[in-house]
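The values are calculated or read from the model by the stated rules, or taken from the named source; none is laboratory data. Predicted model only: the values in this text are computed from it and were never measured. Don't worry about glycine lacking a Cβ; one is built from the backbone with ideal geometry, like all the others, and counts go over all protein chains shown.
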Amino acid sequence: AKKKGEKRAGRVDFTVNKVEYRSELVDPELVKQHFFADEVRRVDEALAVAQAVVEELESNYAGEDMILSDCANDKGQFTRKAIADALKVTAKADEEYAPLTEVLAALDAEAAASKAAKDFEAKVYARYAKLTTDEVVNLVVDSAWLGTIQGLLEGALTGASMRLTERVTELNTRYQSTLGILTTRSAALAAAVTVHLTSMGFED
């Protein structure tokens, strides 16, 4: 665990109550996909959609000289405080009111999706404490290592098959015309030998 304020490089798998954690044995993605496959898909999709909506609104309203440019920071991003403060002093009849309301709703949706994602991470982290020895073996050996080995073998076989196909094609191209020449030459030599043997008194 990496506590708040502690400096330590490396991957961070979880952040729970402002404390960062890293799993050295069981990859968090294995736990998510094995125990929470449907939930992780819903959480990820909800967050992605919410973020995409905010980004689209920023591209429509936050640029220089755009209608809500005063509510964006130097990076062209909205903050909830700036939008909420602007909405307080904007009348419903003003043209800024509708986009301000739209952006505020999108920011609230993004915040809710982000919270749901953090809550889900805490749920996954809590599942680690309940993992049995058999589950760890299944996750690490069966799901991770065997899957990796299978992937490597399939990749090696695919590569070997492709190289073999290329070699056969190369040989076919190289000797396709030569084969006809060799066949004709062989037939001619056989005929010459037959004539020579006949002249020497040998006949079939």
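Values for this structure:
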quantity	calculated
Positions within segment 80-109 being among the hydroxyl-bearing types (S, T, Y) and exposed (fewer than 15 other Cβ atoms within 10 Å of the Cβ), in sequence order	Y97, T101
Filter pass, Q77 being more than 30 Å from V140 (Cβ to Cβ), surrounded by 15 or more Cβ atoms within 10 Å (Cβ to Cβ) and of a type in the set (S, T, N, Q)	no
Positions within segment 116-136 being hydrophobic (A, V, I, L, M, F, W, C) and over 15 Å from L30 (Cβ atoms), in sequence order	A116, A117, F120, A122, A126, A129
Which numbered condition D70 misses (of (1) surrounded by 13 or more Cβ atoms within 10 Å (Cβ to Cβ); (2) more than 16 Å from S114 (Cβ to Cβ); (3) in contact (Cβ under 8 Å) with a residue 12 or more places away in the chain)	(1)
Segment 110-132, residues that are surrounded by 15 or more Cβ atoms within 10 Å (Cβ to Cβ), closer than 15 Å to A50 by Cβ and aliphatic (A, V, I, L, M)	A113, A116, A117
Test for K18: is it loosely packed, with under 12 Cβ neighbours inside 10 Å, at pLDDT below 90, among the basic types (K, R) and under 30 Å from T133 (Cβ atoms)	no
Residue list for segment 31-45, filter: surrounded by 18 or more Cβ atoms within 10 Å (Cβ to Cβ) and of a type outside the set (V, I, T)	K32
Any hit, segment 25-43, residues being modelled with pLDDT under 70 and over 17 Å from the mean Cα position of the chain (by Cα)	yes
